[in-house]
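Student: This is the structure I have questions about; it appears just below.
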Amino acid sequence: MDPKAEIEQLKQLINYHNNLYYNLDNPVLSDTQYDELYKKLKELEEAYPQFRTKDSPTQRVGGKASSTFTAITHRVPMLSLDNSYSPDDIRAWHERAAKILQTDAFEMVLESKIDGVSCSLTYENGILVRAASRGDGRVGEDITANVRTIQNIPHELQNAPSEFLEIRGEVYLEKKDLEKINEAQRAQGQTVFANTRNAAAGFLRHKDAKSVADRPLKFFAHSFGVGDIPASSFSEFIDLCKKWGFSVTPVRTKTTSIEDIIRFYNQFSSSRYQLPFDVDGLVVKVNRFDLQRILGTTAKSPRWAIAFKYPAPQATTTLKNVTFSVGRTGIITPVAELEPVTVGGVTISNATLHNFDEIKRLQVRVGDRVIVERAGEVIPKIVKVVEQKGTQDIYPPALCPCCGGKVYRETEEVGYYCVNPSCPAQLRARLLHFASRDAMDIDGLGDAVMDQLLERGFIHDIADIYKLTFFHVLNLENFKDKKAQNLLDAIEASKHKPLSKLLFALGIGLVGEKTAEILAYHFHTLDTLKEASVETLQSIREIGETVSQSVYDFFRDEKVRMQIEELRAAGLNFTQPQKELSGNVFEGKTLVFTGELPTLKRTEAEQLAKQHGGTASGSVSKKTSFVVAGENAGSKLKKAQELNIPILTEEEFLKMIGK
């Protein structure tokens, strides 16, 4: 092909995939596949520089600012890193840096590369005033409202080094949290997230900050854009970040040897899966800032840093069959049965196909040779058909594969549902959710035991859990006196769980753990909550319109009301403990915490305020009821004094809540 035509073709293809990745959060290529395209374009442009243009993907970052949010121009461009997948590439990078610096004895820092979403935080006089996405590297999106809900981002910096400071880092989601979110997505018939990065990106772009607050997003600081930083090296800067209250990656080492870096890369390849967050590689940086300035940047990337990435864990296998699982809300999910294959050190025999729209997109059939990937090291999934050997098309089931009930699909949803409320698969899923650790935490009531109870007809609904006797349990396989009594004791103990746990256990649509807790602390009793109107529910700051309607509809269901009465008769607790509420001393009050408190962390103090009816805020205004100030309190204390807002010590705050 003509070089100019090939370059233009590659530019169009890469721009298409850039849009899917950066702007639609829906990539269809693995990082490795994308980087191969990018590398090919870069090599062609270097061979034929006359055909390189300013709008080439090699000359800019891939994303662009969304029209959904206000555009923000970065004072200093947010560049992206060059990627490397081989020791030879890393050695070549080191040689180029050594040539410019005229020495190879410079110190480098190696740290884990979090698979998250780039974000910049702007502080003025130590106060968080703005947050922005990377966008195209020069213009990003104003995502301040959403970022303010991220718990581990400090809203105020103690002893900020300069009037204007921009901290940069990654917003991410832990793997265990993605699993919980995807479980809820499946239950609601919604598309699941392929990996933690996609989920985090989607949440940050949500128009409603209230819904973002219910997502357990986190932030790691890794660099800065603008500011008078009292540090001479990257490692010193990271130590300052920790003092200012930022979280930083725990995986970090320093060395002057590029071979040490390659050894660490190889050793870390498997152990990275043990981290709670996704890591797609390592980042190598020249440590000293003066040497970074000498090395400078290209139009797109810094010369003093490079990403040493791991190839996506993939393998090729055969799709043997497709089965259908039924969730607790009746959602039907297609599951691929595979010829067992090892992917990233784990043997995979099943993978999700997510939904039937995904099957259509992949054009996959039973018998095809497919690539399976541990996407984000969380969900095994089929990403591509490599050889169309199959002849059997995959269609949605006409009847429920468990009970034979009718199957339907809402026009605006991707999911198919079993409409039979007595479907055994739905019942089993609801019972297991009710007994799970994050719900009623009934130890011993897992899959195998639940299956036996259902098979023997000992249990037909949630309330039947509390009707089990010693005789019932002793009739189960491998149960003797002590084990039977332990299970009954766990069931009895679950009766005393707070209302927040019960609300989550009941499986109310769109109500996760945090929302259940908010509802429990607001209404105090189940009887008050179940009679609440949609308007009353919507008046709660953290609860949106869709969730309010879902909660209201749930408690209007006559079967639900009958179930609640059965649970009441069984002796379950329908209240949030009074000790935690403590008379709701802060009901309707807004509190701001500032400075270093003697015994409480900021998050602990804010949680206590919420438990006692109050609302915790990150800024002081005329609507603030109290400011709780510790040592080194800054501008918030000063503003509170100017507005004559009552100021409490930690001791006075604790005394008010009876501690």
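The values are calculated or read from the model by the stated rules, or taken from the named source; none is laboratory data. Please read all numbers here as calculations on a predicted model, not as lab measurements. Because the Cβ atoms are built from the backbone with ideal geometry, glycine has one as well, and the counts that use them run over all protein chains shown.
Student: Consider TRP93 against the criteria (1) modelled with pLDDT of 85 or more; (2) among the aromatic types (Phe, Trp, Tyr); (3) farther than 30 Å from GLN267 by Cβ: it satisfies all of them except one. Which criterion is unmet?
Tutor: (3)
Student: Another one. Those residues that are part of a helix (DSSP H, G or I) and under 22 Å from ARG561 (Cβ atoms), I need them from region 493-517; list them, please. Working first, answer last.
Tutor: Narrowing region 493-517 to residues part of a helix (DSSP H, G or I): 493-494, 499-505, 513-517.
Those that are part of a helix (DSSP H, G or I) and under 22 Å from ARG561 (Cβ atoms): SER494, LEU499, SER500, LYS501, LEU502, LEU503, PHE504, ALA505, THR515, ALA516.
Student: Mind checking which residues of region 482-515 are modelled with pLDDT of 90 or more and aliphatic (A, V, I, L, M)?
Tutor: Residues satisfying the conditions are ALA484, LEU487, LEU488, ALA490, ILE491, ALA493, LEU499, LEU502, LEU503, ALA505, LEU506, ILE508.
Student: Go through region 301-354 and give me each residue that's farther than 23 Å from ASP368 by Cβ and either out of contact with any strand residue (DSSP E or B) (no Cβ under 8 Å at 6 or more places or on another chain) or assigned to a strand (DSSP E or B) (or both). Give the derivation first.
Tutor: Of the residues in region 301-354, the ones farther than 23 Å from ASP368 by Cβ are 301-310, 326-331, 345.
Within region 301-354, SER301, PRO302, ALA305, ILE306, ALA307, PHE308, LYS309, VAL326, ARG328, ILE331, GLY345 meet the criteria.
Student: Between a residue in region 1-17 that is not assigned by TED's automatic domain parsing to the domain that holds LYS39 and any residue that is among the small types (Gly, Ala, Ser) and part of a loop (DSSP other than H, G, I, E, B), which pairs come within a Cβ distance under 8 Å, given they are 6 or more apart or on different chains?
Tutor: none
Student: Please go through region 386-416 and give me each residue that is closer than 21 Å to ARG361 by Cβ, part of a loop (DSSP other than H, G, I, E, B) and hydrophobic (A, V, I, L, M, F, W, C), ordered by number.
Tutor: Correct list: ILE394, VAL414.
Student: Being surrounded by 15 or more Cβ atoms within 10 Å (Cβ to Cβ) and either modelled with pLDDT under 95 or not in a helix (DSSP H, G or I) (or both) is the requirement here; does ASP239 meet it? Steps first, please.
Tutor: Working: surrounded by 15 or more Cβ atoms within 10 Å (Cβ to Cβ): no; either modelled with pLDDT under 95 or not in a helix (DSSP H, G or I) (or both): yes.
The answer is no for ASP239.
Student: If we keep just the residues of region 526-563 that are closer than 26 Å to VAL212 by Cα and among the hydroxyl-bearing types (Ser, Thr, Tyr), which is surrounded by the fewest Cβ atoms within 10 Å (Cβ to Cβ)?
Tutor: Let us first name the residues in region 526-563 that are closer than 26 Å to VAL212 by Cα, namely 526, 529-530, 532-555.
Then keep just the ones that are among the hydroxyl-bearing types (Ser, Thr, Tyr); that gives 533, 536, 539, 546, 548, 550, 552.
On the way: SER533: 10, THR536: 16, SER539: 12, THR546: 12, SER548: 20, SER550: 18, TYR552: 17.
Among those residues, the one meeting the criterion is SER533.
Student: Please specify each residue of region 449-468 satisfying the condition of being in a loop (DSSP other than H, G, I, E, B) and acidic (Asp, Glu). Full working, then the answer.
Tutor: Keep residues of region 449-468 that are in a loop (DSSP other than H, G, I, E, B), which gives 456-461, 468.
Hit for region 449-468 is ASP461, nothing else.
Let's see how each residue does on (1) among the aliphatic types (A, V, I, L, M); (2) closer than 30 Å to ARG430 by Cβ:
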site	(1), (2)
VAL534	yes, yes
GLN538	no, yes
THR546	no, yes
PHE554	no, yes
GLU596	no, no
ARG602	no, no
ALA616	yes, no
SER625	no, no
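Student: Within region 271-289, is there a residue that is closer than 30 Å to LYS180 by Cβ, among the acidic types (Asp, Glu) and surrounded by fewer than 16 Cβ atoms within 10 Å (Cβ to Cβ)?
Tutor: Going through region 271-289, the residues closer than 30 Å to LYS180 by Cβ turn out to be 271-283.
If we keep only those that are among the acidic types (Asp, Glu) too, we end up with 278, 280.
Okay, now just the ones that are also surrounded by fewer than 16 Cβ atoms within 10 Å (Cβ to Cβ), so none.
Scanning region 271-289 turns up no residue that is closer than 30 Å to LYS180 by Cβ, among the acidic types (Asp, Glu) and surrounded by fewer than 16 Cβ atoms within 10 Å (Cβ to Cβ).
Student: Kindly check whether there is at least one residue in region 469-491 that is in the same structural domain as LEU454 (by TED's automatic domain parsing), in a helix (DSSP H, G or I), among the aromatic types (Phe, Trp, Tyr) and farther than 25 Å from ILE181 by Cβ.
Tutor: yes
Student: What pairs can you find where one residue is in region 146-162 and surrounded by 18 or more Cβ atoms within 10 Å (Cβ to Cβ), the other is hydrophobic (A, V, I, L, M, F, W, C) and in a loop (DSSP other than H, G, I, E, B), and their Cβ atoms are less than 7 Å apart, with a gap of 6+ or different chains?
Tutor: VAL147/ILE153; ILE150/LEU217; PRO154/PHE246
Student: Same structure again: As an exercise: evaluate GLN314 against (1) surrounded by 18 or more Cβ atoms within 10 Å (Cβ to Cβ); (2) touching a Pro at 6+ places or on another chain (Cβ under 6 Å) and give the number of the one condition it does not meet.
Tutor: (2)
Student: Could you please find all residues in region 335-352 being surrounded by 21 or more Cβ atoms within 10 Å (Cβ to Cβ) and under 30 Å from LEU510 (Cα atoms)?
Tutor: Answer for region 335-352, where residues must be surrounded by 21 or more Cβ atoms within 10 Å (Cβ to Cβ) and under 30 Å from LEU510 (Cα atoms): ALA336, ALA351.
Student: Take region 87-108 and flag every residue that is surrounded by fewer than 13 Cβ atoms within 10 Å (Cβ to Cβ), farther than 17 Å from THR298 by Cβ and without any contact (Cβ under 8 Å) to a residue 12 or more places away in the chain.
Tutor: Correct list: ASP88, GLN102, THR103.
Student: Just checking, how many residues over region 617-644 are modelled with pLDDT under 85 and in a strand (DSSP E or B)?
Tutor: Total satisfying the criteria: 2.
Student: List the residue pairs whose Cβ atoms are under 9 Å apart, where the first residue sits in region 113-140 and is free of Cβ contacts under 8 Å to residues at least 24 places away in the same chain, the second is in a strand (DSSP E or B) and aromatic (Phe, Trp, Tyr), and the two are 6 or more positions apart or on different chains.
Tutor: Note: pairs meeting the criteria are VAL129/TYR123.
Student: While we're on this one: Out of (1) within 23 Å of VAL511 (Cβ to Cβ); (2) among the acidic types (Asp, Glu); (3) without any contact (Cβ under 8 Å) to a residue 40 or more places away in the chain, what's the single condition that is false for ASP441?
Tutor: (3)
Yes/no per residue for (1) assigned by TED's automatic domain parsing to the domain that holds ASP357; (2) over 31 Å from the mean Cα position of the chain (by Cα):
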residue	(1), (2)
VAL385	yes, no
THR391	yes, yes
PRO396	yes, no
ALA429	no, no
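Student: Please pick out the residue among THR649, THR599, THR603, THR624 that is surrounded by 19 or more Cβ atoms within 10 Å (Cβ to Cβ) and not hydrophobic (A, V, I, L, M, F, W, C). Don't jump to the end; show me each part of the working.
Tutor: Details: THR649 fails: surrounded by 19 or more Cβ atoms within 10 Å (Cβ to Cβ); THR599 fails: surrounded by 19 or more Cβ atoms within 10 Å (Cβ to Cβ); THR603 fails: surrounded by 19 or more Cβ atoms within 10 Å (Cβ to Cβ).
On inspection, the qualifying residue turns out to be THR624.
Student: Related question: Would you be able to tell me the number of residues in region 512-552 that are of a type in the set (Asp, Glu) and touching a residue at least 40 places away in the same chain (Cβ under 8 Å)?
Tutor: 3
Student: Going by the structure shown, is VAL248 of a type outside the set (Asp, Glu) and assigned to a strand (DSSP E or B)?
Tutor: Working: of a type outside the set (Asp, Glu): yes; assigned to a strand (DSSP E or B): no.
Answer is no for this residue.
Student: Out of all the residues in region 433-448, which are in contact with a Leu (Cβ under 8 Å, 6 or more places away or on another chain) and part of a helix (DSSP H, G or I)?
Tutor: If the condition is that a residue be in contact with a Leu (Cβ under 8 Å, 6 or more places away or on another chain) and part of a helix (DSSP H, G or I), then PHE434, ALA435, ASP447 are the ones that fit.
Student: Oh, and also: How many residues does region 138-162 hold that are modelled with pLDDT of 85 or more and outside any strand (DSSP E or B)?
Tutor: Looking only at that region, the number is 13.
Student: From ASP527, ASP447, which residue is among the acidic types (Asp, Glu) and farther than 23 Å from ARG556 by Cβ?
Tutor: Numbers: ASP527 fails: farther than 23 Å from ARG556 by Cβ.
Being among the acidic types (Asp, Glu) and farther than 23 Å from ARG556 by Cβ holds for just one of ASP527, ASP447, which is ASP447.
Student: Sticking with this structure for a sec: Hey, among VAL547, VAL560, which residue is in a helix (DSSP H, G or I), among the β-branched types (Val, Ile, Thr) and in contact with a Gly (Cβ under 9 Å, 6 or more places away or on another chain)?
Tutor: One residue alone meets the criteria, VAL547.
Student: Can you find a residue in region 254-267 that is in a strand (DSSP E or B) and either under 24 Å from GLY137 (Cα atoms) or more than 23 Å from the chain's Cα centre (by Cα) (or both)?
Tutor: Yes, region 254-267 contains a residue that is in a strand (DSSP E or B) and either under 24 Å from GLY137 (Cα atoms) or more than 23 Å from the chain's Cα centre (by Cα) (or both).
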